[in-house]
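Below is one structure, written out as structure tokens; comments come after it.
Readers should treat all values here as calculations from the given coordinates under stated rules, not as data from a laboratory. None of these values were measured; they are calculated from a predicted model. Note that each Cβ is placed from the backbone with ideal geometry, even for glycine, and that neighbours are counted across all protein chains shown.
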Amino acid sequence: MSKYETIYIVRPTVDEEGIEALQEKFKSIIEENGEIETIDDWGKRKLAYLIDDIGEGHYVYMKFKATHVVPKELDRVFGITEEILRHMIIKIEE
């Protein structure tokens, strides 16, 4: 298993329950073929530039170990989830 980290930005219109539901959704995808090391909820922050005329978002950072299929599936699900503004998945080289 390789180490990865991801950060995703949730639309500011999503409430706390919705953010928790999204975290559980992504957590379950990772745990199918990997394990989570940390999840950090950074809260609402101002974006560096406007995305779809939105100036702030709710940031969530996750660090995990997983097989090579997990980042592909996670990327696919991030892409089709309307509440996600942006996301990034990075493989950590050891």
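Overview of values
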{"read-out": "Crossing angle, helix 16-32 versus the chain [Cα axis fit, 0-90 degrees, rounded to tens]", "value": "20 degrees"}
{"read-out": "0 to 90° range, to nearest 10: angle between helix 69-80 axis and the chain longest Cα axis", "value": "20 degrees"}
{"read-out": "Order of Met62, Met1 - criterion: other Cβ atoms within 10 Å of each residue's Cβ, fewest first", "value": "Met1, Met62"}
{"read-out": "Segment 1-85 - Kirkwood radius from inverse mean 1/r over Cα pairs (Å)", "value": "13.3 Å"}
{"read-out": "Residue-averaged [θ]222 nm for the chain, counting only DSSP H segments that reach four residues, each worth -39500 (n - 2.57)", "value": "-10000 deg cm²/dmol"}
{"read-out": "DSSP-defined antiparallel bridges as percent of all bridges, the chain, nearest 5", "value": "100 percent"}
{"read-out": "Size descriptor, Kirkwood hydrodynamic radius, that averages inverse alpha-carbon separations across segment 1-48, Å", "value": "12.3 Å"}
